[in-house]
Amino acid sequence: MKFQDLVTVGVKICGILLIFLGLRTISLQYSFLNALVGNGDDSIRVYTFITVLEVFLIFLCALVFIKFPNLVARKLFPKEVELNLNLSQDAERLISVFCCILGIYILSWAIPDFINNALMISFLSKSMYMSDVVYVETIFAEIVTVVEISVGLFLCMRSAGLSALVWRFRGARGA
């Protein structure tokens, strides 16, 4: 088994999780759009377009992750690692693979949350909602989501370096 095969399995699992996230997003956005219609908001068309685009992108990513996991894994995984998996000798690389899979998982729910929070902030930024506590909570949620996206990107792109750091802290390799 190659390391790329492990990443492929993780990518496929993230695709399946994205389907559930897309279904959850549909229900959340439906209630949000229903509240906009009830308030008689003029920008309902813009919000509807962004909502449809968000749901489409989530399901498109899910489709790509499920149908083409090898392609995604090849793009995420370093080209120099093409060796077969040997669990007794390659634990450091295995940690790197799992960090990359964890990063993909974090990004799969953090990016849609970023879009949801941005929509809520733009809706609540109208003058009549600025003093609402929900507005401040949504801004803090957006800041947390940006940090989550940063962590997910770091885990995806720098998983080999993180793996080496974990390996060094565990004392498995001399400093």
Taking the stretch 1-13 and keeping residues modelled with pLDDT under 85 and either of a type in the set (Ser, Thr, Tyr) or more than 13 Å from Phe98 (Cα to Cα) (or both) leaves Met1, Lys2, Thr8
Checked the stretch 68-101 for anything modelled with pLDDT of 60 or more, more than 20 Å from the chain's Cα centre (by Cα) and among the charged types (D, E, K, R); matches are Lys79, Asp90, Glu92, Arg93
Report every pair of residues separated by at least 6 positions or lying on different chains whose Cβ atoms are under 6 Å apart, first residue within the stretch 29-46 and farther than 18 Å from Val134 by Cα, second surrounded by 11 or more Cβ atoms within 10 Å (Cβ to Cβ).
Ile44/Leu36
Give me the pairs: first residue in the stretch 48-66 and over 21 Å from Tyr105 (Cα atoms), second residue aliphatic (A, V, I, L, M), beta-carbon distance under 8 Å, and six or more apart or on different chains, which are they?
Thr48/Leu33; Ile50/Ile115; Ile50/Leu119; Thr51/Leu33; Thr51/Leu119
Scan the stretch 111-136 residue by residue and report those that are at pLDDT 80 or above and either touching an Asp or Glu at 6+ places or on another chain (Cβ under 9 Å) or of a type in the set (A, V, I, L, M, F, W, C) (or both).
Ile111, Pro112, Asp113, Phe114, Ile115, Asn116, Asn117, Ala118, Leu119, Met120, Ile121, Val136
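Quick one: which of Phe59, Phe49, Phe65 is out of contact with any helix residue (DSSP H, G or I) (no Cβ under 9 Å at 6 or more places or on another chain), of a type in the set (Phe, Trp, Tyr) and at pLDDT 80 or above? Write out each step before concluding.
On the way: Phe59 fails: out of contact with any helix residue (DSSP H, G or I) (no Cβ under 9 Å at 6 or more places or on another chain); Phe65 fails: out of contact with any helix residue (DSSP H, G or I) (no Cβ under 9 Å at 6 or more places or on another chain).
Going through Phe59, Phe49, Phe65 in turn, the sole match is Phe49.
The values are calculated or read from the model by the stated rules, or taken from the named source; none is laboratory data. Only a predicted model underlies this, so the values are computations on that prediction, with no experimental measurement involved. Using ideal geometry, Cβ is built from the backbone for each residue, glycine included, and neighbour counts are taken over all protein chains shown.
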